[in-house]
Amino acid sequence: MPAAGRSRRSCLAVPGSSVKMLDKARGLGADQVFLDLEDAVAPLAKPAARKNIVAALNDGDWGGKTRAVRVNDLTTPWTYTDVIEVVEGAGAHLDCVMLPKVQNAAQVQWLDLTLTQLEKSLGLDVGRIGIEAQIENAAGLVNVDEIAAASPRMETIIFGPADFMASINMRSLQVGALIPDYPGDPYHYILMRILMAARMRDLQAIDGPFLQIRDVDAFREAAKRSAALGFDGKWVLHPGQIDAANEVYAPSQADYDHAELILDAYAHATSEAGGKRGAVMLGDEMIDEASRKMALVISAKGRAAGM
Ligand code: GLV
Ligand code: MG
């Protein structure tokens, strides 16, 4: 399925070391799950987590969710074993591999080639497994354009705020939250940079985690900020954050209805019967071709969310 066809308003992190959480995740309402082999899994637990993930992907119905596995980053000794064990074991039931802490295009190209080898040897369609790249340090952000362009498998660029904040020495331990000493949104530049790189290649842009999992109102505020810029979704670390993400990253009913109205009115205005006009009034609002494009974005997001 092409990236644009997958909904990712809520992307649920599930530690591969917990059979219980892997089981539970199946029935939750997240658009995407990513089964984690990286930072939620201790080094000694990684071999067992690979096996748990293969079993979880193979048995059980994931109900149309996008299924991703986050492997370890390429500075560790674990990445190649993660990719080979998971794809050999469950490649037919896996939609994407998520690569964390990506620093340049070569790392994505390594994953692309490895997946191609695996798909060929397993008799899977070549190119069916997509790639999601996490931007988590200065090198990743500076090279984000080449990362977005590195492979036709690329589906999403994801902001990883916790690692990013650590890597640039940001003076806060409140991951994803505003910083009282800074009179603005400290993530604005990073989010916009990621968004531009993603949109240039028609990829989805996904916001990262908010760690205060019991404060759903604060989660919602953080999500609203990236949703307003145009982000497609956000990570959720707890089932309690799922509904808020699904709601925030879908258009409001009023915006969706208004977008449909613009599309209808503009289609009529530009038709023979409507006088072949390119700019018309809709109530007090002047609409033209650019309004149609903006309305199409809202309408497509609404339809993907079942409106
Ligand atoms: C996610 O991986 C993060 O570092 O925020
Ligand atoms: Mg991280």
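The values are calculated or read from the model by the stated rules, or taken from the named source; none is laboratory data. Just so it is clear, the structure is predicted and the values come from calculations on it, not from any experiment. No Cβ is skipped: glycine too gets one built from the backbone with ideal geometry, and neighbour counts run over all protein chains shown.
If you take the residues in the range 133-153 that are crowded, with 18+ Cβ neighbours inside 10 Å and either among the charged types (D, E, K, R) or at pLDDT below 95 (or both), which one is farthest from ligand 1 (Cβ to nearest atom)?
153
Residue 204: under 27 Å from residue 18 (Cα atoms), touching a strand residue (DSSP E or B) at 6+ places or on another chain (Cβ under 8 Å) and not β-branched (Val, Ile, Thr), yes or no?
So residue 204 does not fit the description; no.
Taking into account only those residues within the range 168-207 that are in contact (Cβ under 8 Å) with a residue 60 or more places away in the chain, of a type outside the set (Asp, Glu) and more than 16 Å from ligand 1 (Cβ to nearest atom), which is nearest to residue 6 (Cα to Cα)?
Residue satisfying both the conditions and the ranking: 204.
Enumerate the pairs (first residue in the range 94-111 and farther than 12 Å from residue 147 by Cβ; second residue anywhere and within 15 Å of ligand 2 (Cβ to nearest atom) and assigned to a helix (DSSP H, G or I)) with beta-carbon separation below 8 Å, excluding pairs fewer than 6 apart on the same chain, so at least 6 apart or on different chains.
100/163
Pick from the range 1-22 the residues that are at pLDDT 95 or above and of a type in the set (A, V, I, L, M): which of them is surrounded by the most Cβ atoms within 10 Å (Cβ to Cβ)?
By that ranking, first place goes to 14.
Applying the selection to the range 118-132, what residues are among the charged types (D, E, K, R), without any contact (Cβ under 8 Å) to a residue 12 or more places away in the chain and either farther than 11 Å from residue 92 by Cα or crowded, with 17+ Cβ neighbours inside 10 Å (or both)?
Of everything in the range 118-132, just one residue is among the charged types (D, E, K, R), without any contact (Cβ under 8 Å) to a residue 12 or more places away in the chain and either farther than 11 Å from residue 92 by Cα or crowded, with 17+ Cβ neighbours inside 10 Å (or both), namely 120.
Which of the strands (runs of 3 or more DSSP E) found entirely inside the range 192-294 contain at least 1 residues meeting this: over 25 Å from residue 36 (Cβ atoms)?
Here the list reads 280-282, 285-287.
Please go through the range 23-42 and give me each residue that is away from ligand 2 (no atom under 16 Å from the Cβ), buried (at least 23 other Cβ atoms within 10 Å of the Cβ) and in a loop (DSSP other than H, G, I, E, B), ordered by number.
Selection gives 30, 31.
Looking at 231, 219, can you tell me which residue is buried (at least 18 other Cβ atoms within 10 Å of the Cβ), within 16 Å of ligand 1 (Cβ to nearest atom) and within 19 Å of residue 6 (Cα to Cα)?
Only one candidate passes the filter, namely 231.
Within the range 43-92, which residues are hydroxyl-bearing (Ser, Thr, Tyr) and part of a helix (DSSP H, G or I)?
Result: 79, 80, 81.
Please specify each residue of the range 130-189 satisfying the condition of being part of a loop (DSSP other than H, G, I, E, B) and touching a Phe, Trp or Tyr at 6+ places or on another chain (Cβ under 8 Å).
Residues satisfying the conditions are 136, 137, 170, 175, 176, 177, 187.
Collect the residues in the range 273-291 that are of a type in the set (Lys, Arg) and surrounded by 10 or more Cβ atoms within 10 Å (Cβ to Cβ), keeping them in residue-number order.
277
Can you tell which of 55, 25, 49 is more than 26 Å from residue 103 (Cβ to Cβ), more than 22 Å from the chain's Cα centre (by Cα) and of a type in the set (Gly, Ala, Ser)?
It is 55.
Among the residues of the range 154-167, count how many are away from ligand 1 (no atom under 12 Å from the Cβ) and of a type outside the set (D, E, K, R).
Number satisfying all stated conditions: 3.
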